[in-house]
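In what follows, a structure is listed as structure tokens, so that the remarks can point back to it.
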2 protein chains.
Amino acid sequence: MPDLIAVDWGTSSLRGARLDAEGRVLEEKSAPLGILNVPNGDFAGTFAAQFTDWMKPAGSVCLISGMAGSRQGWVEAPYAACPAGPGELVKNLHWIEPGRIAIVPGLSDEQGDVPDVMRGEEVQIFGAMRLANLKDGLFVLPGTHSKWATVRGGKVMGFRTFMTGEFYGLLGQHSILARTLEADAPLDEAAFLRGVTRAAAGEGLLHNAFGVRALGLFGRLTPTESASYLSGLLIGEEMRAQDLSGGAEVIAIGAPALTARYALALGQRNARVRSFGAEATWAGLRALLP
Amino acid sequence: MPDLIAVDWGTSSLRGARLDAEGRVLEEKSAPLGILNVPNGDFAGTFAAQFTDWMKPAGSVCLISGMAGSRQGWVEAPYAACPAGPGELVKNLHWIEPGRIAIVPGLSDEQGDVPDVMRGEEVQIFGAMRLANLKDGLFVLPGTHSKWATVRGGKVMGFRTFMTGEFYGLLGQHSILARTLEADAPLDEAAFLRGVTRAAAGEGLLHNAFGVRALGLFGRLTPTESASYLSGLLIGEEMRAQDLSGGAEVIAIGAPALTARYALALGQRNARVRSFGAEATWAGLRALLP
């Protein structure tokens, strides 16, 4: 069994890992060469510049997940439709060089009135399933566009995207709240949990966001508290849409600073959290090889 | 009884009207001299340049509503607290020149866990009450920061702000949706009502906003439809927080293009709508004189 070159090619960065036959990470690299920053749109050249050395051993295989498979990426790899497990991804691999370099399709959920899509997170989910030895569960992948996915029998049954991180950036940088909010302030747990609690009351984000300003006007939130309170409002709003009854366990995959916030918020809802980071991506890509 | 110089001094514009003893509008003017655009912060000079002629007749009185009474305005006029009717505004007029020029206080609602504030809309509400001959009702003032107010016995009992217009601008100009959405497209009623219906299903704005992108990816919303759909999502989200049971009547005050959208959305909820425009401001300021 050859080495696997596992690549996560996202919007803002390009990351890779060389894995041995047992899936151990031998080497990692990362560059700010996300699909929107590929010089002259030359994906093949950029790939070669980063990974030619790693691909030298005969029989090397490279699997690429993430936005590289989007319309704006290297080659558009049509979504696999939910319910889907690793098998559906393997069947729909989009080979750039047959047997050598393939793009992993994203997932679509077309079961409701409004479709939903992911690219890259599906691999992280299957990786975390493998690492946690789970075939069923509720998964959250926080970020610019957070994903909540329900897994049963090893397949993603359905999922939903929440623009939580993007809303935080918009409100903290471009809205009236930007004047009185220190978006980069460290987390204030008490203010964060006040925001989570406020969101749970169900008045809705359009109203609660204005509350950040009103609380500031009345001296009841400082600029640093405001940032954490807004973060809590948004993550709380996201959680309000989830079924967390009966002490659910949630698998959180992402950067530790983010999954820690979700763990705090979910703790308030009596949900248990297990967190995974980048290792889930590599384990997920490894799981697609025989 | 002297002429009244009625002034609405907001964030982006300065508007005035000269009213006779019966409240008829004799003359109107408007300039792009909102409180954020006052040269050198010289409010007195800017006021004089616009209104000295109108103030010449002996006994002329000028009442100013809007953001001119905020911390960033001419003089901070502390909020009157709800419940409040015209009498509470009169008691709390902030006189710049006694008996001659006064700033109307805004309203605060400090009855819940999170306070809320308005400046200027309170005058429009009291004006529309007078024009509609109403002492009770549900009022909406759509805009950057929409206000919903409950009036009973001629007093504003409480109100809530929704950042609907500002969210539309943020999402249409600065978010990932901006790429595939023509924010200035004319209203597409069918797409707008699809958005309103979608919001009513209660999945929340963070998720529904991403749906605009997903529907576009699947060719189920064009860029012009996307703008109207997003507008419907936002206005629908705002309405979801209102009690509109039993065929409520809603008084909408604002620009006709906006109140027309609210009338459409409210029609879908079986609410009746009566709309008022700028005349509500002048009638409201007139109602504060004996």
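The values are calculated or read from the model by the stated rules, or taken from the named source; none is laboratory data. Bear in mind the structure is a predicted one, so any value in this text is a computation, not a measurement. Note that each Cβ is placed from the backbone with ideal geometry, even for glycine, and that neighbours are counted across all protein chains shown.
A few comments on the model shown:
- Qualifying residue in region B:79-87 (condition: over 19 Å from B:GLY284 (Cα atoms), assigned to a loop (DSSP other than H, G, I, E, B), aromatic (Phe, Trp, Tyr) and in contact (Cβ under 8 Å) with a residue 12 or more places away in the chain): no
- Candidates B:GLU97, B:GLU22, filtered to the one that is of a type in the set (Asp, Glu), more than 20 Å from the chain's Cα centre (by Cα) and modelled with pLDDT under 95: B:GLU22
- Residues of region A:139-165 satisfying the condition of being in a helix (DSSP H, G or I) and of a type in the set (S, T, N, Q): A:THR164
- Note on region B:214-229: residues that are part of a helix (DSSP H, G or I) and within 12 Å of chain A (Cβ to nearest Cβ) amount to 5.
- Criterion (in a loop (DSSP other than H, G, I, E, B) and buried (at least 20 other Cβ atoms within 10 Å of the Cβ)) met by exactly one of B:GLY16, B:GLY59, B:GLY73: B:GLY73
- Among the residues of region A:166-186, those identified as surrounded by fewer than 16 Cβ atoms within 10 Å (Cβ to Cβ) and not in a helix (DSSP H, G or I) are A:GLU182, A:ASP184, A:PRO186.
- Taking region A:52-110 as the range and being closer than 27 Å to A:VAL151 by Cα, polar (S, T, N, Q) and out of contact with any Gly (no Cβ under 6 Å at 6 or more places or on another chain) as the test, the residues that pass are A:SER70, A:ASN92, A:SER108.
- Within region B:94-138, the set of residues being surrounded by fewer than 18 Cβ atoms within 10 Å (Cβ to Cβ), away from chain A (no Cβ under 14 Å) and in a loop (DSSP other than H, G, I, E, B) comprises B:PRO98, B:GLY99, B:ARG100, B:ASN133, B:LEU134, B:LYS135, B:ASP136.
Yes/no per residue for (1) more than 10 Å from chain A (Cβ to nearest Cβ); (2) touching a helix residue (DSSP H, G or I) at 6+ places or on another chain (Cβ under 8 Å); (3) not in a loop (DSSP other than H, G, I, E, B):
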{"site": "B:SER231", "(1), (2), (3)": "yes, yes, yes"}
{"site": "B:ILE235", "(1), (2), (3)": "no, yes, yes"}
{"site": "B:ARG261", "(1), (2), (3)": "yes, yes, yes"}
{"site": "B:ASN270", "(1), (2), (3)": "yes, no, no"}
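- One residue stands out among those in region A:193-213 that are within 16 Å of A:ARG261 (Cα to Cα) and crowded, with 24+ Cβ neighbours inside 10 Å: the one that is nearest to the other protein chains (Cβ to nearest Cβ), which is A:GLY195.
- Of all residues assigned to region B:31-49, at least one qualifies as being assigned to a strand (DSSP E or B), in contact (Cβ under 8 Å) with a residue 12 or more places away in the chain and in contact with a strand residue (DSSP E or B) (Cβ under 7 Å, 6 or more places away or on another chain).
- Residues being at the interface with chain B (Cβ under 8 Å from one of its Cβ atoms) and surrounded by fewer than 21 Cβ atoms within 10 Å (Cβ to Cβ) - total across region A:147-163: 0
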